[in-house]
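The values are calculated or read from the model by the stated rules, or taken from the named source; none is laboratory data. For clarity, every value in this text was computed on a predicted model and none was experimentally measured. FYI the Cβ positions are ideal-geometry reconstructions off the backbone, even for glycines, and counts take in every protein chain you see. Accessible surface is based on the protein model in full, side chains and every heavy atom, while ligands, DNA and RNA are left aside. Shrake-Rupley method; radii C 1.70, N 1.55, O 1.52, S 1.80 Å.
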Amino acid sequence: MKRLEVKNVKAYYRLLIGNKEVDVKAVDGVNLEIRKGEILGLVGESGCGKSTLAKVMSMNIKPPLYFKGGSVVLHTRDGKSIELSKLHKEELKKNIWGKHIAIIPQEAMSALMPTLKIKRIAYDVLRSHNPNITLEETVSVLKKRLEELGLPDWVVDRYPFELSGGMQQRTVIAISTLLNPEVLLVDEPTSALDVSTQKIVIKTLWRLAAKGIVDSMVFITHDISVVRQIADRIAVMYAGKIVEVASTEDIIFEPMHPYTKGLIDSIISLEPEVRKRGLRYIPGQPPNLINPPKGCRFVNRCPFAKDICSTKEPPLTKINHNRLVACWLHIQG
Amino acid sequence: MNILETLYVLFNNKRFMIGFGIILFQLLLSFLGPLLYPVDPFSTDNPPWTPPNEVYPLGTDRSGRDVLSMIFHGIRNSLYVGVLTGLFTIIIGIIVGLISGIKGGLLDEILMAMTNIVMLIPGVLLAILIITYIGYENARLELVALVLSITAWPGFARAVRSQVLSLREREFVYLSRIAGYNSLKIAFQDILPHLATFTLVSFVNYINLGINGEVGLSILGLTPMNIMTLGKILYFAAITQAFILGKWWTFIPAGLLQVLLSVSLLLIATGIDEVFNPRLRGM
Amino acid sequence: MSCVLLETKNLTKIFESGFLRKVYIKAVDNVDIALKEAEVVSLAGQSGSGKTTLAKMILRILEPTSGEIIFQGKNIWRDLKGLKDLKWYWRNVHIIFQNPFANFNPFYKVDRTLRQALELIGIDPDSGEGKKLMREAVEVVGLRPDETLGKYPHQLSGGQLQRIMIARAWIVRPKLLLADEPVSMLDVSTRGKILELFLKLRDEQKTTVLFITHDFGLAYVVSDRIMIMYKGKIIEEGDPEEVFFNPKHEYTKELIESVPTLYRRWKFDL
Ligand SMILES: Nc1ncnc2c1ncn2[C@@H]1O[C@H](COP(=O)(O)OP(=O)(O)OP(=O)(O)O)[C@@H](O)[C@H]1O
Ligand SMILES: Nc1ncnc2c1ncn2[C@@H]1O[C@H](COP(=O)(O)OP(=O)(O)OP(=O)(O)O)[C@@H](O)[C@H]1O
Ligand code: SF4
Ligand SMILES: [Mg+2]
Ligand SMILES: [Mg+2]
């Protein structure tokens, strides 16, 4: 069942303010499980720690970010369990990244080497795992993959800047999953694109999963309407914590956590329900992550807050086999 | 970023620090030197062609001028010409570039035509013309600097203009405009601060140009005869065939100092650029 | 029927670029629009369709290649002369530019943009009234004055800067507000409050808002009327329900199908 387990993980950014060292607690005690064969949407507003959590899931951690505690365990297709948080950078680079976990970071589109043709970029990627591969072999592997994903094969001979934004993004997706990793982490793959290209990129990701090229996927975005199109489950993050995890339909039609409710209510889309509902918003601002409040982090904005909320932190608790919620309204104190 | 912070980062930049150190050293030489070693650099009462010894630490030239004293005075005057050239160039360039870029239209066309014409005239020719017209006996260092800036400002003015043209289209400038600010206010409040780094770097580079240009004009014999500069020292060495006769002390120290001055100014310019540019781009 | 505030006639802008071989881009192509008093009109269209160019011409900072813009009976490119006329115009027609970072001169504190607004409407920013208005404006957009005033632009987030620009518009209270993607950087959960402000300006101040966006959902929810722009032309115009649920133009239909929906899931096949 389990593919990747994130257990009680903390990852902080160490900052120097004046001459005092402070921690930005971007991921602060996160428990999350990615199941085999699922697309998990990770949603939350700007700055809540989504990208940091993605870095943690792949253990791609560089200063000022540091791993404060917890564990990340990967269960591979051939039945092995690897504790990624115990591995060294070199081992991760050699045995994990690309092979078992592919990461497409938020700035991926602009990260394609502008001076290399697409086939050369793919060649470099494959060669780092298999030194014997030739350029011809790379091209044939890449062409096959492009076809599977519905991309034209002429892109192999192009430079990145010769491709449109959507095409670049899809090419990045194709290249980073050439080795059929078990897990793909994509961070905001559609936010820089306009709607019609957005749809094509979403479809490409869906195909990647439907064809089993990647087994599990974590799709990070601030836009629930985008990820809801393909996600099986959605995890909602707020101020460094996961506050609710449930099936996509449950999150959208029966949100339980007050923040999820507020968020779904504030979404504006091109649907009659939304115009009828009118404009909604959650008053207030998220807390800062240097000194987060002691109890529930949503307490200053929550319309249902009770006494216990500001003193004790609600743990992420199983409500039924398909839903976890961290809120005192739904769990016993 | 306040001024103190700015200076702090600046002085933490290696290039800037090295360059600044060298310049400071040369400035000290040029100011303390004449006080500690009060010898007239033009006096010919000493024995000619004396190699360095206890009495004449850097020797004398063919006419018996004391080289060390020549150098002390030379650095000061060379720096003076350099700074003056930098100032003149920057001032003319900024005024022309700003007006041209902000006002646009006919005025812009006239000013740009002017810069193009000046740019087409070879600098040396212009210098020879001006200085022979005035007569180099009457020429002073200020005139040398002016002549050098006349050939230098068009390049700077055009660079300023093109920066102004792109700044003018920036949203914050539009916002000042639609708040009713006139061109002058926009030029001073919105445009000039953005040109500050570029101008400072150019200023240092034009100081350099002034110092080197003065050497060039001196070697051609186009600078005032009664003022000692690094260029003049090299000129005296050249006309007395010191190079051929191997009288190294008359030109090597001056030449080295001249190169050192140039290099340190370049270091300062790149240092300033390094410190400020990424910051400005990031903001 | 309320009266027309501003209209454009055959408005066209052609950009010339390229060095050796000239390329001409028709950014705005023969546009006729009319904006009435007290309405929120959305100008929606994809990147590069000419929305910002149209707004800049209306703001009278970009000269049209041809065509006219009439504001309250005045042809703004012909009849406004001198700084006094222009100031009158900009008091009545103001803008919030698209990119919040570009709205601020990095050398000055963010207060400057609000002080400019006060000066424009003839209030001394250092007077008691000026200071009060400034704080009020910042609070109206949901920011805390002590966390934002006195800061430099690079110390604030895109969303905060965007809200300060809205505060500026709130101080000026123009008759026509050109709002170019004014909430693009705001979080979903706080956006609603700001959008409400535009509607409030419309209802209480009779402000006309030209709401420029590429987000069809936003356009649908906030506007009284929609204009769809495509390759410099207005290809569709009308009531939101009509435009979005019964589009005439192929392009509009296609785009609407790509807008992600919250309550409905797309179907893909392999
Ligand atoms: N390099 C860094 N140094 C210091 N703090 C950082 C750094 N990167 C991120 N942070 C802080 O950590 C927190 C979480 O950042 P993160 O990038 O994970 O958020 P996010 O949810 O991905 O946001 P977005 O939707 O804007 O991408 C934020 O408060 C951010 O300011
Ligand atoms: N100053 C300029 N010089 C040359 N071309 C320009 C200039 N400004 C805009 N354009 C071109 O005009 C067209 C319309 O641009 P405009 O900025 O108006 O689009 P837009 O609808 O606002 O797009 P976006 O949603 O990306 O802001 C584009 O093709 C653009 O490249
Ligand atoms: S724990 Fe309390 S404050 Fe937090 S979301 Fe639940 S009810 Fe609101
Ligand atoms: Mg992120
Ligand atoms: Mg635009």
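Here are the criteria: (1) within 13 Å of ligand 4 (Cβ to nearest atom); (2) within 14 Å of chain C (Cβ to nearest Cβ). Tell me which single one residue A:26 does not satisfy.
Unmet condition: (2).
Any chance you could count how many residues in the range B:120-131 are open to solvent by less than 90 Å² (accessible area, probe 1.4 Å) and either more than 21 Å from the chain's Cα centre (by Cα) or acidic (Asp, Glu) (or both)?
Count: 0.
Considering only residues of the range C:80-116 that are touching a residue at least 24 places away in the same chain (Cβ under 8 Å) and charged (D, E, K, R), which is nearest to the other protein chains (Cβ to nearest Cβ)?
C:87
Which one of A:70, A:18 is free of Cβ contacts under 8 Å to residues at least 24 places away in the same chain and more than 10 Å from ligand 1 (Cβ to nearest atom)?
Answer to the selection: A:18.
Do any helices (runs of 4 or more DSSP H) entirely within the range B:88-181 hold 1 or more residues that are modelled with pLDDT under 90, and if so, which?
Ranges flagged: B:105-120, B:123-134, B:141-168.
Do any strands (runs of 3 or more DSSP E) entirely within the range A:230-333 hold 2 or more residues that are away from ligand 1 (no atom under 16 Å from the Cβ) and either away from every other protein chain (no Cβ under 13 Å) or in contact (Cβ under 8 Å) with a residue 40 or more places away in the chain (or both), and if so, which?
Once the strands (runs of 3 or more DSSP E) in the range A:230-333 are filtered for at least 2 residues that are away from ligand 1 (no atom under 16 Å from the Cβ) and either away from every other protein chain (no Cβ under 13 Å) or in contact (Cβ under 8 Å) with a residue 40 or more places away in the chain (or both), what remains is A:241-247, A:317-320, A:323-325.
When you check residue C:142 against the structure, is it within 16 Å of ligand 1 (Cβ to nearest atom), more than 14 Å from chain B (Cβ to nearest Cβ) and either among the small types (Gly, Ala, Ser) or open to solvent by less than 60 Å² (accessible area, probe 1.4 Å) (or both), yes or no?
When the stated conditions are applied, residue C:142 does not pass them.
I'd like the residue in the range C:28-58 that is in contact with a helix residue (DSSP H, G or I) (Cβ under 9 Å, 6 or more places away or on another chain) and open to solvent by 10 Å² or more (accessible area, probe 1.4 Å) and, out of all such residues, is nearest to the other protein chains (Cβ to nearest Cβ).
C:46
Which one is nearest to ligand 5 (Cβ to nearest atom), of the residues in the range A:216-226 that are facing another protein chain (nearest Cβ under 9 Å) and hydrophobic (A, V, I, L, M, F, W, C)?
A:226
Here is a list: B:191, B:233. Which entry is open to solvent by less than 30 Å² (accessible area, probe 1.4 Å), farther than 20 Å from residue B:74 by Cβ and touching a helix residue (DSSP H, G or I) at 6+ places or on another chain (Cβ under 9 Å)?
B:191
Quick check on the range B:192-205. Is at least one of its residues within 14 Å of chain C (Cβ to nearest Cβ), among the aliphatic types (A, V, I, L, M) and out of contact with any Gly (no Cβ under 9 Å at 6 or more places or on another chain)?
For the range B:192-205, residues within 14 Å of chain C (Cβ to nearest Cβ), among the aliphatic types (A, V, I, L, M) and out of contact with any Gly (no Cβ under 9 Å at 6 or more places or on another chain): present.
Just a yes or no: is a residue in the range C:109-126 away from ligand 2 (no atom under 16 Å from the Cβ) and under 30 Å from residue C:233 (Cα atoms)?
So far as the range C:109-126 goes, no, none of its residues is away from ligand 2 (no atom under 16 Å from the Cβ) and under 30 Å from residue C:233 (Cα atoms).
Within the range C:145-166, take every residue that is of a type outside the set (Gly, Ala, Ser) and in a loop (DSSP other than H, G, I, E, B) and give me the one that is farthest from the other protein chains (Cβ to nearest Cβ).
C:149
Which ones in the range C:234-270 are at the interface with chain A (Cβ under 7 Å from one of its Cβ atoms) and of a type in the set (A, V, I, L, M)?
Of everything in the range C:234-270, those that are at the interface with chain A (Cβ under 7 Å from one of its Cβ atoms) and of a type in the set (A, V, I, L, M) turn out to be C:255, C:256, C:259, C:262, C:270.
Restricting attention to the range C:52-79, which residues are among the acidic types (Asp, Glu) and either touching a residue at least 60 places away in the same chain (Cβ under 8 Å) or within 16 Å of ligand 1 (Cβ to nearest atom) (or both)?
C:68
Give the residues of the range B:27-71 that are of a type in the set (A, V, I, L, M) and either surrounded by 13 or more Cβ atoms within 10 Å (Cβ to Cβ) or in a loop (DSSP other than H, G, I, E, B) (or both), sorted by residue number.
If the condition is that a residue be of a type in the set (A, V, I, L, M) and either surrounded by 13 or more Cβ atoms within 10 Å (Cβ to Cβ) or in a loop (DSSP other than H, G, I, E, B) (or both), then B:27, B:29, B:39, B:55, B:58, B:67, B:68, B:70, B:71 are the ones that fit.
Within the range C:30-51, track down each residue that is touching a residue at least 24 places away in the same chain (Cβ under 8 Å) and more than 27 Å from residue C:3 (Cβ to Cβ).
C:46, C:47, C:49
Among the residues of the range A:234-290, what is the count of those that are of a type in the set (Gly, Ala, Ser), open to solvent by 10 Å² or more (accessible area, probe 1.4 Å) and in contact with a strand residue (DSSP E or B) (Cβ under 6 Å, 6 or more places away or on another chain)?
Number of matching residues: 1.
Is at least one residue of the range A:31-52 touching a helix residue (DSSP H, G or I) at 6+ places or on another chain (Cβ under 7 Å), more than 14 Å from ligand 4 (Cβ to nearest atom) and more than 14 Å from every other protein chain (Cβ to nearest Cβ)?
No; the residues of the range A:31-52 include none that is touching a helix residue (DSSP H, G or I) at 6+ places or on another chain (Cβ under 7 Å), more than 14 Å from ligand 4 (Cβ to nearest atom) and more than 14 Å from every other protein chain (Cβ to nearest Cβ).
Residue check: is residue C:256 touching a helix residue (DSSP H, G or I) at 6+ places or on another chain (Cβ under 9 Å), at negative phi and open to solvent by less than 10 Å² (accessible area, probe 1.4 Å)?
Spelling it out, it is not the case that residue C:256 is touching a helix residue (DSSP H, G or I) at 6+ places or on another chain (Cβ under 9 Å), at negative phi and open to solvent by less than 10 Å² (accessible area, probe 1.4 Å).
Out of A:201, A:186, I need the residue that is in contact (Cβ under 8 Å) with a residue 12 or more places away in the chain and out of contact with any Phe, Trp or Tyr (no Cβ under 8 Å at 6 or more places or on another chain). Which one?
So the residue among A:201, A:186 that is in contact (Cβ under 8 Å) with a residue 12 or more places away in the chain and out of contact with any Phe, Trp or Tyr (no Cβ under 8 Å at 6 or more places or on another chain) is A:201.
If a residue has to be out of contact with any Ser or Thr (no Cβ under 8 Å at 6 or more places or on another chain) and open to solvent by less than 40 Å² (accessible area, probe 1.4 Å) to count, how many in the range A:61-87 make the cut?
Qualifying residue count for the region: 3.
Considering only residues that are in contact with a strand residue (DSSP E or B) (Cβ under 9 Å, 6 or more places away or on another chain) and open to solvent by 60 Å² or more (accessible area, probe 1.4 Å), look in the range C:15-27 and name the one that is nearest to residue C:199 (Cα to Cα).
In this case the residue turns out to be C:26.
Specify which of the listed residues (B:210, B:282, B:246) is among the small types (Gly, Ala, Ser) and at pLDDT 90 or above.
After applying the criteria, what remains is B:210.
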